[in-house]
1. Name the pairs whose Cβ atoms lie under 9 Å apart, with the first residue in region 32-54 and closer than 13 Å to Thr131 by Cβ and in the same structural domain as Thr87 (by TED's automatic domain parsing), the second within 10 Å of the ligand (Cβ to nearest atom) and at pLDDT below 95, and 6 or more positions between them or separate chains?
2. Here's a check for you: in region 164-214, which residue that is in a loop (DSSP other than H, G, I, E, B) and among the small types (Gly, Ala, Ser) is surrounded by the most Cβ atoms within 10 Å (Cβ to Cβ)?
3. Within region 215-256, can you find the residues that are over 14 Å from Glu186 (Cβ atoms), surrounded by 17 or more Cβ atoms within 10 Å (Cβ to Cβ) and within 13 Å of the ligand (Cβ to nearest atom)?
4. Can you name the residue in region 140-160 that is open to solvent by less than 10 Å² (accessible area, probe 1.4 Å) and either part of a helix (DSSP H, G or I) or at negative phi (or both) and, of all such residues, is nearest to the ligand (Cβ to nearest atom)?
5. Check region 65-86 and report whether any residue there is of a type in the set (A, V, I, L, M, F, W, C), modelled with pLDDT of 95 or more, within 16 Å of the ligand (Cβ to nearest atom) and out of contact with any strand residue (DSSP E or B) (no Cβ under 6 Å at 6 or more places or on another chain).
6. Might you let me know whether region 47-61 holds any residue that is more than 21 Å from Leu286 (Cα to Cα) and either modelled with pLDDT of 95 or more or crowded, with 17+ Cβ neighbours inside 10 Å (or both)?
7. Specify which of the listed residues (Glu47, Glu27, Glu34) is farther than 17 Å from Ala170 by Cβ, out of contact with any helix residue (DSSP H, G or I) (no Cβ under 7 Å at 6 or more places or on another chain) and within 16 Å of the ligand (Cβ to nearest atom).
8. Which numbered condition in (1) β-branched (Val, Ile, Thr); (2) assigned to a loop (DSSP other than H, G, I, E, B); (3) open to solvent by less than 10 Å² (accessible area, probe 1.4 Å) is the only one that Ile259 fails?
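The values are calculated or read from the model by the stated rules, or taken from the named source; none is laboratory data. Values in this document were obtained by computation on a predicted structure and should not be read as measured data. Glycine gets a Cβ as well: all are built from the backbone with ideal geometry, and neighbour counts include every protein chain shown. To get the accessible areas, we keep the full protein, side chains included, count just its heavy atoms, and leave off ligands, DNA and RNA. Shrake-Rupley method; radii C 1.70, N 1.55, O 1.52, S 1.80 Å.
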Amino acid sequence: MRHLISITDLTKSEIDELIELGLKIIENPKDYSEVCRGKKLATLFFEPSTRTRLSFEAAMLELGGQVLGFSSADTSSAAKGESVTDTVRTVACYADIIAMRHNKEGAPLAAAMKSTVPIINAGDGGHQHPTQTLTDLITIKREKGYIGDITVGFCGDLQFGRTVHSLIKALLMYSGIKFVLISPNELRVPGYIREALRHHNAEFVEIERLEEVIDELDVLYMTRVQRERFFNEADYVRLKDSYILTLDKLKTAKQDLSILHPLPRVNEIAVEVDDDPRACYFKQVLNGKYIRMALIMKLLELV
Ligand code: NCD
């Protein structure tokens, strides 16, 4: 039985296969509408979510399966003090596969150790978010035609942004990626990510000003400052407006730049940018449903 806890649980060829399957589903979604008939997906979300939970549910429904779950810790027995592992052992009696989001880093891993069904990490604290990464990768593939030989800028909260950590780890599997890490000094990537970049001899720079590098980028991955992970509100308030992408700032950017964002956006991308052809974040949302369809099929061994 396979779980997906970290993006590195998949090999590069498995990721490429998932992307190819996702692209096939996009071409002919109807061909997959019965694949999960009789199967159930449980979504256990101990933390807020719109896209990740609903895209998992939409993915399972489009595969002909069914869904159950909860969308906040308050409405589950976690509120009574139940452990994550007991919750998962219980839900494994009701569902064939589980997608779980938790504020504690490592909770999905702990769950996987006790689960009799596949567990998918749908985000654990400030750590990892592998299915957002699959979403980001299929988006890069669709927009650029190929994953490699590009300069990718990551901008915003690189310390607590779990989607950034997983995407950097994934892109390290591909060749010719140059990483430009743009953040306030206080929100630079964690040490283990910097170590991974060094270990792979990746070309990377860490800088504070987006304007200085925007013209070099092929992909710009914007992120929200992760308020819920800050230890005090004053630090959040000081850093929350560090970056606001506007049409004016995009004047020097490449014409074929792809702007990605895992969403939700707060104010780091001005709404005026949404109509620019370089904005890909709502296309990214749709891609996320298709790649999750591919992932569910793989973990249920239906491909
Ligand atoms: C992200 C997350 O939950 O980490 N959202 C998502 O799943 N698309 C990013 C964020 O919350 O800022």
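1. Thr43/Ser49
2. If we take residues in region 164-214 being in a loop (DSSP other than H, G, I, E, B) and among the small types (Gly, Ala, Ser), then Ser183 is surrounded by the most Cβ atoms within 10 Å (Cβ to Cβ).
3. Once the filter is applied, which keeps residues that are over 14 Å from Glu186 (Cβ atoms), surrounded by 17 or more Cβ atoms within 10 Å (Cβ to Cβ) and within 13 Å of the ligand (Cβ to nearest atom), region 215-256 yields Tyr221, Met222, Thr223, Arg224.
4. My answer is Asp157.
5. Scanning region 65-86 turns up no residue that is of a type in the set (A, V, I, L, M, F, W, C), modelled with pLDDT of 95 or more, within 16 Å of the ligand (Cβ to nearest atom) and out of contact with any strand residue (DSSP E or B) (no Cβ under 6 Å at 6 or more places or on another chain).
6. Within region 47-61, one or more residues are more than 21 Å from Leu286 (Cα to Cα) and either modelled with pLDDT of 95 or more or crowded, with 17+ Cβ neighbours inside 10 Å (or both).
7. Glu47
8. So Ile259 meets the others, but not (2).
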